[in-house]
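K.L.:
Structure incoming, see below.
The values are calculated or read from the model by the stated rules, or taken from the named source; none is laboratory data. Owing to the predicted nature of the structure, the values given are computational and were not obtained by experimental measurement. Methodologically, a virtual Cβ is constructed for each residue, glycine included, from the backbone with ideal geometry; neighbour enumeration extends over all protein chains shown.
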Amino acid sequence: MTDAIVSAGLVKRVAGAAVIDQVDFTMPSGELWSVIAPRGGGRTTLIRLIAGLSRPDAGAIQIFGRDTVREATAVQAIIGYVPQGVGSYDTLTVGENFKLHADLRGVAPDIRPARWRHILGLSGLINLTDRRAADLPLSARRRLALACALAAMPRLLLLDELTAGLDPVARGEMLEVLRRLASDEKISIFMSTTYVDEAERCDGVVFLTDGRLVGRGAPRELTSLAGRRMRAVAVTAADRHATAAWLREQDGVIDVDVQRTCLKVITDHAGRKLPSQCAAALPSGPTAPRLDDAFVCLLHDRGVAMLAAPVLHPTTPPRPPSGSPALDVRGLAARQQGRVLVHDIELTVAPGEIVGLIGPDGPGKDLLIRLLCGLERPSAGIISIGGVDLGTDRRRALSRLAHIDSAASPYPDLTPLQILQFFASAGSQRRAEREPRIGSLLTELGLKGAAAAPSGSLSTALQWRVALAAALVSAPALVLLGAPRAHLDPLTRRLVWSDIGAVAAAGIGVLVASQATDDAERCDRALLLDFDRIAGPAWPAGDPEAAARKHPRSAALAALSAMFARPRHGRSAE
Amino acid sequence: MTPRQRRMIALIVKEARQTARNRTALSVALAGPIVLLLLFAYGVSLETERVPLGIFVEHSTPDTRDLAGAFYNAHYFHAVIMDNRRLALDALATGRVGGLVVLDEDFARAAVAEGNAPVQVLVDGTDARIARTVSNYAEGAVATWLAQRTLAGRIGSANSVGTAPRVWFNSEIKSRYFLVPGIIGLLMAVIGPLLSALMVAREREQGTMDSILATPASPREFMYAKLIFYMSLGVAAMSLMLLVSVHVIEVPFRGTLKPLVMATMLFVACNLALGLLISITSRNQLAAVRLTLTTGFLPAYMLSGFLFDLRNAPAPIQWLSLIVPSHYFVSILQTTLLVGDEWPILLPDLGGLAVLAIALIAGVGLLVRRRLS
């Protein structure tokens, strides 16, 4: 059988710069593959090239043996493509959207009803035929886009970030659908994703950075190579950041991923021994690697420099008055339009502690974040930030809080220096204090070299650093991270976590809102957030069924707790 | 039916469904123009009426009262008699009056003695149009008054030569008649590109365009389906505006439908093609709106001859106006509505429109191929 995709020497230039540079890979027929890359790394360009929507400047792609340029029509007849975004017309109904694609692809009228029923079943859209696309939840809209691409039963499906922004449960379901399409319908699927857990469930992975191919192959092979270079070092919550910082300084250590109970250390080659003090003082053993660990190894071996984990000057942010927590929430409740959206919220974040607020996205979570930011008034309860009551002294309390709601630069047209100057003066700091703080933040966060460039032109990782620096410049007691990381690639997400560790090590409390279990693994404590209340700590978790019984109101939460209860390969030290 | 025709029909049906369910698009295309048309037609007037005019009378005599009365009764003016020179000049300087007729000591004396009285007319030149009206009328009024006085002196003289002015094509010299065709051209020049540019930009933003282009439908089919659908919408909007103009605003319609229909089709095609060109080059809806205003609205406003008579413009500006579709369209509308089917005037205009329409549509086809593949 011919291969589904053969990419040979593929090059695509935009305005002279190569956005795809010498990419070779072969995807066998009937498999499910994914491409992972940072933003601007060439994901979408690669998929558009395969779809024949864009012509390569050099090299060629063959789809089932047919060239995408010379045999464009033949190729278009056998592919289905779901672009980034919603991909279906919001004013048309589900049925009309599908009919449009069936018409355009010339699906014969006599086979349509059967085909339609079949695809509805595959994509889980039954009973929604007459609903307008705009009225569907995001996950159903994505399934609609998928159904449209399936109209002519293509041999190859190209999916650009089909699962972006969906909650973990919806993502899991979508991947089930894709797996079924590949196994039952023999449809080959090539998709882009930013989620490691999805890529790990694929048959093959293509990893791009700056348009260059850094790695390709089966996830299991890639991770097992990385596994030989990894050690887990057991730590306690109190010393994990300090130990991580020390380990990063050691010879041959290229990355330390700080988890709740252990440090995952990656070395430069398989034979590398960890420093003897470390081995003597702390029990260490092998650990099950994730795909992003493999990417770290691949990048290092290719000589691609990654941003170093920062060490923030511990005296830079003034510690909150001794004894007062970074955040203290007591008996918080609030309603919106007469409906109680959150109630009985009790939440404490100690200085230097990382607390996760884990749960599906929803109005309750949004409201809670807005309450903490002082944008909404609670109907009951007290919020104090760094020892200052938000209800009675709003201005002083808010000056101790920094909210990061997007991992991108807040003002893409301004330079990092200008952004920091703005945030510092908006935080009413005196000039004499401002300048040295900005200077040290730029140095500590590795922004010195980029301080004069428009921040929008920086890499994803550096833009996150700009957002972080803007938050830290006002010397907060608490950093609140909304859910800004959904679209980040795995490596930038990793960087975000090593930075959060540095923030905590500098004595600042961190509250992270997230729906990912991976994030919970990296917090000191994690709380499960049901729709309107805190359901309890994520650990210790019981068995999945007990968890489901405990949170009957939220299917998504039940699934989340079940995930916690499942043994996780990241924690092999246990 | 060939597959290509089937695809085109599917795409056109899609556009129709989307527009029918999109209240914003419908109101932009149909309700907006009517409201704006009425607003412009009744709200904007180039006529000079009831300009405040000061009459400074230094020494009241029967002659001065008589002349002042002539200004008093003219509907162009709202005359105010003043007897303090300083206050009168002040009123002119501060803009409370648009002009000042000075009948001073000399006038009273000279009028009585010689029948050749000096009248000074001071005009606020800030608004050139009003200034010209005021000075022309004041001169005329004084001349008439003098003539009447002379006549009154020798009644029975048969030597007086009378003039009876007659204005063709717009006998009441109503600026509304002249403005309405311009407004229709202007509105169409904004709405057409805006609709098509926004629709394509939106499809790009939402990723729907890519999903269509990955099917056997070609970029050109995609664009031409839009062109065909919005043509019909544009023609509908145009017909609506013409109906309102003729039946509500009561602009005369002296020509026939034939040249009008031809001109409308060509003009709408030009504007939609312009919108599609804009949408292909701009990245998002905001950029599309900005570009539409600068390439659609402003040239139509300034270079169509709608407000500013291009015959007075410098030569380069006149050449520039040759590539503005509304320049031809406004001229055709004015001709068919106010004059009639004057083919010697209509044909060159129609030809100009046709050339532009063909060039723009070809441009869309070319750019679509280059940009999207």
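K.L.:
Just to be sure I understand the filter: pairs with C-beta atoms under 7 Å, separated by 6 or more residues or on different chains, first member in the stretch B:9-30 and at the interface with chain A (Cβ under 9 Å from one of its Cβ atoms), second member assigned to a helix (DSSP H, G or I) and not acidic (Asp, Glu). Which pairs pass?
P.N.:
That search, which allows pairs on different chains as well, returns B:Ala10/A:Leu100; B:Ala10/A:Leu104; B:Leu11/B:Phe222; B:Leu11/B:Ala225; B:Lys14/A:Leu100; B:Thr19/B:Ala25; B:Thr19/B:Leu26; B:Thr19/B:Leu233.
K.L.:
Please name all residue pairs, on different chains or six or more residues apart, with Cβ atoms under 8 Å, provided the first residue is in the stretch B:191-208 and is away from chain A (no Cβ under 14 Å) and farther than 16 Å from A:Asp160 by Cβ and the second residue is of a type in the set (S, T, N, Q) and not in a helix (DSSP H, G or I).
P.N.:
B:Ala197/B:Ser282
K.L.:
Still on this structure, I have one more. Can you pull out the residues in the stretch A:90-113 that are more than 7 Å from every other protein chain (Cβ to nearest Cβ), in contact with a helix residue (DSSP H, G or I) (Cβ under 9 Å, 6 or more places away or on another chain) and of a type in the set (Val, Ile, Thr)?
P.N.:
The answer is A:Thr93, A:Val94, A:Val107.
K.L.:
While we're here: Among what's in the stretch A:156-179 and is within 14 Å of another protein chain (Cβ to nearest Cβ) and over 13 Å from A:Pro83 (Cβ atoms), pick the residue that is surrounded by the most Cβ atoms within 10 Å (Cβ to Cβ).
P.N.:
A:Leu156
K.L.:
I'd like the residue in the stretch A:33-52 that is surrounded by fewer than 23 Cβ atoms within 10 Å (Cβ to Cβ) and in contact with a helix residue (DSSP H, G or I) (Cβ under 8 Å, 6 or more places away or on another chain) and, out of all such residues, is modelled with the highest pLDDT.
P.N.:
A:Arg48
K.L.:
Return the residues of the stretch A:521-531 that are buried (at least 24 other Cβ atoms within 10 Å of the Cβ) and out of contact with any helix residue (DSSP H, G or I) (no Cβ under 7 Å at 6 or more places or on another chain); say none if nothing qualifies.
P.N.:
Correct list: A:Cys523 only.
K.L.:
Could you check, for the stretch B:315-327, whether at least one of its residues is in contact (Cβ under 8 Å) with a residue 40 or more places away in the chain and within 19 Å of B:Val251 (Cβ to Cβ)?
P.N.:
The answer is yes; a qualifying residue exists.
K.L.:
Next question. Listed residues A:Thr223, A:Thr236; which is crowded, with 18+ Cβ neighbours inside 10 Å and of a type in the set (S, T, N, Q)?
P.N.:
A:Thr223
K.L.:
In this structure, is A:Gly374 touching a residue at least 60 places away in the same chain (Cβ under 8 Å), touching a helix residue (DSSP H, G or I) at 6+ places or on another chain (Cβ under 8 Å), surrounded by fewer than 20 Cβ atoms within 10 Å (Cβ to Cβ) and assigned to a loop (DSSP other than H, G, I, E, B)?
P.N.:
no
K.L.:
Moving to a separate point now. For the condition on the phi < 0 side of the Ramachandran plot, part of a loop (DSSP other than H, G, I, E, B) and more than 9 Å from chain B (Cβ to nearest Cβ), what is the one hit in A:Arg55, A:Arg39?
P.N.:
A:Arg39
K.L.:
Let me ask something else. Output the number of residues of the stretch A:513-529 satisfying the condition of being under 18 Å from the mean Cα position of the chain (by Cα), at pLDDT 80 or above and of a type in the set (Asp, Glu).
P.N.:
Adding up the residues that qualify gives 2.
K.L.:
Please note which helices (runs of 4 or more DSSP H) are completely contained in the stretch B:282-367 and include at least 3 residues that are crowded, with 17+ Cβ neighbours inside 10 Å.
P.N.:
Because the criterion is at least 3 residues that are crowded, with 17+ Cβ neighbours inside 10 Å, the helices (runs of 4 or more DSSP H) in the stretch B:282-367 that meet it are B:285-292, B:298-303, B:325-334.
K.L.:
Out of all the residues in the stretch A:228-236, is one or more at pLDDT below 80 and within 24 Å of the chain's Cα centre (by Cα)?
P.N.:
No; the residues of the stretch A:228-236 include none that is at pLDDT below 80 and within 24 Å of the chain's Cα centre (by Cα).
K.L.:
Mind checking whether some residue in the stretch A:67-83 is within 11 Å of chain B (Cβ to nearest Cβ), in contact with a Cys (Cβ under 7 Å, 6 or more places away or on another chain) and either part of a loop (DSSP other than H, G, I, E, B) or over 26 Å from B:Arg6 (Cα atoms) (or both)?
P.N.:
no
K.L.:
Shifting gears a bit: Out of the residues in the stretch A:237-261 that are assigned to a helix (DSSP H, G or I) and more than 14 Å from A:Ala505 (Cα to Cα), state the one that is farthest from the chain's Cα centre (by Cα).
P.N.:
Taking the candidates together, the pick is A:Glu249.
K.L.:
Shifting gears a bit: Among B:Ser239, B:Ser211, which is within 13 Å of chain A (Cβ to nearest Cβ), at pLDDT 85 or above and either part of a helix (DSSP H, G or I) or buried (at least 21 other Cβ atoms within 10 Å of the Cβ) (or both)?
P.N.:
Exactly one of B:Ser239, B:Ser211 is within 13 Å of chain A (Cβ to nearest Cβ), at pLDDT 85 or above and either part of a helix (DSSP H, G or I) or buried (at least 21 other Cβ atoms within 10 Å of the Cβ) (or both), namely B:Ser211.
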